[in-house]
1. Within the range 44-60, which residues are open to solvent by less than 20 Å² (accessible area, probe 1.4 Å) and in contact (Cβ under 8 Å) with a residue 60 or more places away in the chain?
2. For residues in the range 502-515 being open to solvent by 30 Å² or more (accessible area, probe 1.4 Å) and farther than 17 Å from Val416 by Cβ, which is modelled with the highest pLDDT?
3. Against the conditions (1) at positive phi; (2) surrounded by 15 or more Cβ atoms within 10 Å (Cβ to Cβ); (3) free of Cβ contacts under 8 Å to residues at least 40 places away in the same chain, where does Gly132 fall short? Just the number, please.
4. So how many residues does the range 1-53 have that are within 30 Å of Ala204 (Cβ to Cβ), of a type outside the set (Val, Ile, Thr) and out of contact with any strand residue (DSSP E or B) (no Cβ under 7 Å at 6 or more places or on another chain)?
5. Considering Thr404, Thr356, which residue is buried (at least 18 other Cβ atoms within 10 Å of the Cβ), of a type in the set (Ser, Thr, Tyr) and at pLDDT below 80?
6. Across the range 434-448, which residue is most open to solvent (accessible area, probe 1.4 Å) among those that are under 15 Å from Glu499 (Cα atoms) and assigned to a strand (DSSP E or B)?
7. Between Thr63, Thr9, which is on the phi < 0 side of the Ramachandran plot, out of contact with any His (no Cβ under 6 Å at 6 or more places or on another chain) and assigned to a helix (DSSP H, G or I)?
8. Go through the range 61-93 and give me each residue that's open to solvent by less than 60 Å² (accessible area, probe 1.4 Å), under 18 Å from Phe154 (Cβ atoms) and out of contact with any helix residue (DSSP H, G or I) (no Cβ under 8 Å at 6 or more places or on another chain).
Amino acid sequence: MRSPLTTATLAVAALVVCLWAAIAALLYQQRGAAIASANASGVHLARVLAEYEASSLRAIDLTLGYLRDEWLRAPESLDAAVQRHEEHLKREGLIQVAVLDRDGWMRYGRLPASKPLNFADREYFQFHKSSGRDEMHISEPIMGRVTKQWAIQFTRPIRDATGAFAGVMIVALPPPALETVYREMRLEPDDVITLVRWDGAIMARTRDLASVAGVSLKGSQGLGKEAPVAGHFRSSYRVDGVDRLVAYSKVGSYPLTVYVGQSMTTVLAPYHKQRTLLVVAGAVGTLLLLLLGRVAISRRRLRLQVEEGERLLAEQRERVMLELHDGAIQQIYAVGMHLERSRQLLDNDPLGAKRTIANAAAHLNLVIQDLRNFIAGEGAPPRDEQAFMEEVERIVPEDVGGDTPRFRLDIDPSVVKELTPAQAAHLLRITREGVSNVLRHANAAQAQIRLGRSPDGGIRLEIADDGVGMREEAAQSRGLGLHHIGARGQKLAGRTRVESAPGRGTRIIVEFPEHA
């Protein structure tokens with residue numbers, strides 16, 4: 001069984017553990033919440049940007065179709081048509097509008113070349129020449145041979161009246177135009193937004209576009225027809241190795257995907273601040289708990305010392321009460337009975353009266369001796385069977401007739417021989433209290449004191465009478481005398497029970513193990 005001080009220490013330790021467990025749980029929750037919030041905001045931003053890109057691409061595609069139709073209708077009117085769309089295309093950062101013939105030679109250019117140029121080697125030209133499909137093609141950023149700028153080429157095929165490939169219509173827009181839009185998002189230093197074609201080519205990026213030329217993100221989540229429209233994942237970008245939360249969204253029906261990468265350092269910055277605050281708060285809380293625990297333990301120790309002192313005082317008081325009540329007081333009561341009896345005998349039996357007075361004097365000497373031993377802290381229990389039997393015989397009143405009950409002794413000498421001095425002392429005190437109760441309250445004719453073996457091999461003391469008895473509740477509640485008998489039974493490591501009923505006498509039984 002743990003001591004109260006150990007329990008208090010464990011309680012303080014448990015509080016400290018609970019404090020840090022709560023802090024850890026809160027930090028875990030906040031970290032998860034920060035990541036979940038960043039993923040949600042990233043996906044939302046990616047969708048907004050994808051919708052913006054899709055809208056721009058639709059506008060560019062419509063312009064391509066219109067200019068191509070104008071070229072097919074009247075090539076000489078294309079310049080005027082370009083001028084009519086100039087204002088709109090400037091908002092997209094227009095660099096060049098050009099037309100290539102079936103062999104890749106530039107037939108028209110908003111920015112005319114100083115010499116004839118051929119673009120048959122361009123990837124977009126080869127795509128349209130071989131695909132046979134009428135669809136807009138979006139190139140990866142390439143260095144313009146006329147403009148000498150990085151640009152994305154938006155192209156559509158030109159076909160003649162027979163449907164044969166007749167060239168390519170080109171609108172060139174700079175990636176920095178996309179970067180300008182992205183920067184309006186107010187990104188953190190390590191955050192990045194990237195526009196990627198489904199074959200892995202990087203089309204636009206918020207920073208360092210030139211450094212990623214030729215880098216492929218092929219195989220990344222979010223690329224291809226089978227990939228979900230939007231999603232998120234955590235990854236170290238192949239470009240710069242920064243650990244990021246990446247959200248993505250496809251750009252409408254176009255083979256493009258917008259990626260929003262948020263640096264984990266940025267995402268977790270508020271969490272790290274909160275963690276620092278909570279750790280400091282936890283350290284302060286731990287210190288306070290330890291201080292409070294120390295105060296509580298000191299108070300508990302003091303309280304235990306007080307309680308121990310009170311317990312010892314209570315035990316001492318109980319011992320005094322037991323010794324005085326069961327010893328000197330009962331013997332004084334016996335002296336009083338002897339003196340009362342001698343007064344009754346003076347007229348008719350002077351010799352009997354003298355004998356009774358002598359017994360009273362002997363008892364009074366025993367009282368004086370007991371009180372001296374008690375004050376000196378010394379016990380005087382009988383050391384042998386003869387002394388024990390003599391003490392029992394002194395406790396039992398003489399059979400002189402009248403109202404005094406007749407006592408019968410049934411004591412097993414072998415049991416007396418095995419008693420320790422302490423056991424003998426307790427049994428004599430119990431016997432004296434039991435006899436006193438019989439004399440004062442029982443109104444009995446016969447009484448018996450029996451000391452022997454109990455059925456389980458222990459020792460059994462029984463004091464019985466045939467007197468008026470007690471009601472059950474009176475036997476259970478017990479007065480001071482029965483309480484003292486029960487207390488001495490406990491000191492013998494045994495049990496005490498009282499059996500009584502009105503008109504059927506009283507039986508006090510004390511049983512205890514021999515070697516308790």
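The values are calculated or read from the model by the stated rules, or taken from the named source; none is laboratory data. What you see is a predicted model; the values in this text were computed from it and never measured. Note: ideal-geometry Cβ built from the backbone for every residue, glycine included; neighbour counts use all protein chains shown. Surface accessibility is based on the protein's heavy atoms, side chains included, excluding ligands, DNA and RNA. Shrake-Rupley method; radii C 1.70, N 1.55, O 1.52, S 1.80 Å.
1. In the first step, residues of the range 44-60 are kept if they are open to solvent by less than 20 Å² (accessible area, probe 1.4 Å); the result is 46, 49-50, 53-54, 56-57, 60.
Within the range 44-60, Ala46, Leu49, Ala50, Glu53, Ala54, Leu57, Ile60 qualify.
2. In the first step, residues of the range 502-515 are kept if they are open to solvent by 30 Å² or more (accessible area, probe 1.4 Å); the result is 502-504, 507, 513-515.
Subset that is farther than 17 Å from Val416 by Cβ: 502-504, 507.
Numbers: Pro502: 89, Gly503: 88, Arg504: 89, Arg507: 93.
Applying the filter and picking the extreme gives Arg507.
3. (2)
4. Here is the first cut: in the range 1-53, the residues within 30 Å of Ala204 (Cβ to Cβ) are 34-53.
Those still in the list that are of a type outside the set (Val, Ile, Thr) too: 34, 36-42, 44-47, 49-53.
Okay, now just the ones that are also out of contact with any strand residue (DSSP E or B) (no Cβ under 7 Å at 6 or more places or on another chain), so 34, 36-37, 40-41, 44, 51-52.
Matching residues across the range 1-53 total 8.
5. Working: Thr404 fails: buried (at least 18 other Cβ atoms within 10 Å of the Cβ).
Selected residue: Thr356, the only one of Thr404, Thr356 that is buried (at least 18 other Cβ atoms within 10 Å of the Cβ), of a type in the set (Ser, Thr, Tyr) and at pLDDT below 80.
6. Out of the qualifying residues, it is Gln448.
7. Values: Thr63 fails: out of contact with any His (no Cβ under 6 Å at 6 or more places or on another chain).
Step by step, each of Thr63, Thr9 is checked, and only Thr9 is on the phi < 0 side of the Ramachandran plot, out of contact with any His (no Cβ under 6 Å at 6 or more places or on another chain) and assigned to a helix (DSSP H, G or I).
8. Selection gives Asp61, Leu64, Gly65, Arg68, Glu86.
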